[in-house]
Amino acid sequence: MKERWSKEKAWEWYDKMPWLRGCNYMSSDCANRVDQWQSLGFEERFKTTEREFKALKELGYNTIRILPEFVVWQQEHDGFMERFERYLSLCDKYGISCMFVLANDCMPPKTANRRLPYIGVQHYDRGYHGGRKISQHGNHTEPAPHFYLDNEDSRKEYLEMVTELVTKYKDDPRICVWDVYNEAGNSLRVSITLPNVKKMFETVRACDPSQPLTSGVFHFGGGDEKWDELNRYLLDNSDIISYHCYASFDVHVEYIKRLKKEGRPLINTEWLCRTFGNTVFENFPLFYLEKIGCYNWGFVAGKYQTYEPWESTWQNYENGTNTNVDFTKWFHDLLRPSLRPYDPNETALIKNFCDMADRDFEAQKSK
């Protein structure tokens, strides 16, 4: 089916699924996505992944969202494909489906010391979100070049990776959704990214996957023509509508209200930002009541340090742009390195609503 799903087909698929709830996942001993996928140290990290998947299942989560790393596919192709299969098999063992993200506009700024991802021992900076002092999480002054998609030669090879992965797994029930492009337009790329986004959608559609496609809206544009054009393309080409929201509860409700007008199932693929008032206590019950699929950012606090604020949060606080920030709370993540909860009240609430959702689903199937 090499065209966008109808609304009827999208709802038919969605209504047969249990309520999707999970997290954006990287094991706590990974410094970055190269660490997640490369051969160096993989066996030890995979043991960590299994321990954390057990905790994820016990919490009541049933899905994860993960991103590939092109340089690992490129330089360790056969090993990457084997490890990809092992990840999916481990997910299946614990009843976890996988949303796989195929491209990403979260790019570090163009600086003199900017370095392409590389195979080998991964450096990370302590005390910084994402483990980098200079990263995509800081403020940008100009559009960040994409590592791969802005260059014709590397774009061609990147699309070969996408084609191989989607073709191989296009009918695999362990993958629930293909997330074609993460945060298109981020890193000040809104004026240059649309051709890459279109090429990605065309490439994935050509593989004719049985799973739905999506690409999340994360910035509503405020009347900016470039944002409006990009967002309209994402909404018009996604089988199911996805979005990100790290904002306060009232803003989140407005997002949902606007996106419901598209008439398709909704999934929030990134949320949870306690320092900005985006909390488990407000959002998780809302997702349950509205049956909006949800993936909070992070699971176990670790080397990637997403419990730390975005670097731009500190920068905006220090220059007086935004001082309404609660730095006493973790930014993302649910569990401590011990696998004990950051806040037991959060995890108790999550488990309660997950249990209710499972009972709802069983009751629905028995009708």
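A short reminder: the numbers here are calculations on the coordinates, not readings from a lab. Predicted, not measured: the structure shown is a model, and the values here were computed from it. Because the Cβ atoms are built from the backbone with ideal geometry, glycine has one as well, and the counts that use them run over all protein chains shown.
Think of the chain as having a plus end and a minus end, set by charges on the Cβ of Lys, Arg, Asp and Glu; of Phe249, Val101, Tyr317, Phe249 sits farthest toward the positive end of this dipole. Label-to-label distance for Arg336 and Lys260 is 3.9 nm, based on points extended 7 Å past Cα in the beta-carbon direction. Among Leu116, Leu59, Leu40, the largest mean-square fluctuation in a Gaussian network model of the chain, built with springs joining Cα atoms closer than 10 Å, belongs to Leu116. Listed cross-link partners Lys170/Lys365; Lys9/Lys198; Lys2/Lys351; Lys7/Lys47; Lys168/Lys367; Lys9/Lys199 are compared with a 30 Å cut-off, the Cα-Cα value being larger for Lys2/Lys351; Lys7/Lys47; Lys168/Lys367. Pop a pseudo-label 7 angstrom from the Cα along the beta-carbon direction at both Val251 and Lys291 and give the gap in nm to one decimal. Between Val251 and Lys291, the label points sit 2.9 nm apart.
What's the center-to-center distance, using Cα atoms, between the stretch 209-227 and the stretch 150-203 in Å? That distance is 14 Å. Per-residue ellipticity at 222 nm computed for the chain from its helices equals -13000 deg cm²/dmol, with DSSP H segments shorter than 4 residues left out and the rest contributing -39,500 (n - 2.57). Taken about its Cα centre, the chain carries a charge dipole of roughly 420 debye when the Cβ of each Lys and Arg holds +1 and the Cβ of each Asp and Glu holds -1. For the stretch 1-58, the list of GluC sites (Glu not before Pro) that fall in a loop by DSSP and count at most 11 other C-beta atoms within 10 angstrom reads Glu3.
Comparing Phe353, Ser210, Leu234 along the charge dipole axis of the chain, the residue lying farthest to the positive side is Phe353, per the Cβ-charge model.
FRET efficiency for the Glu152 to Ala348 pair, using the beta carbon distance and R₀ = 51 Å, is estimated at 0.45.
Highest mean first, the peptides 290-301, 326-337 sorted by other C-beta atoms within 10 Å per residue fall in the order 290-301, 326-337. Put the Cα centre of the stretch 90-117 next to the Cα centre of the stretch 5-59 and the gap is 12 Å.
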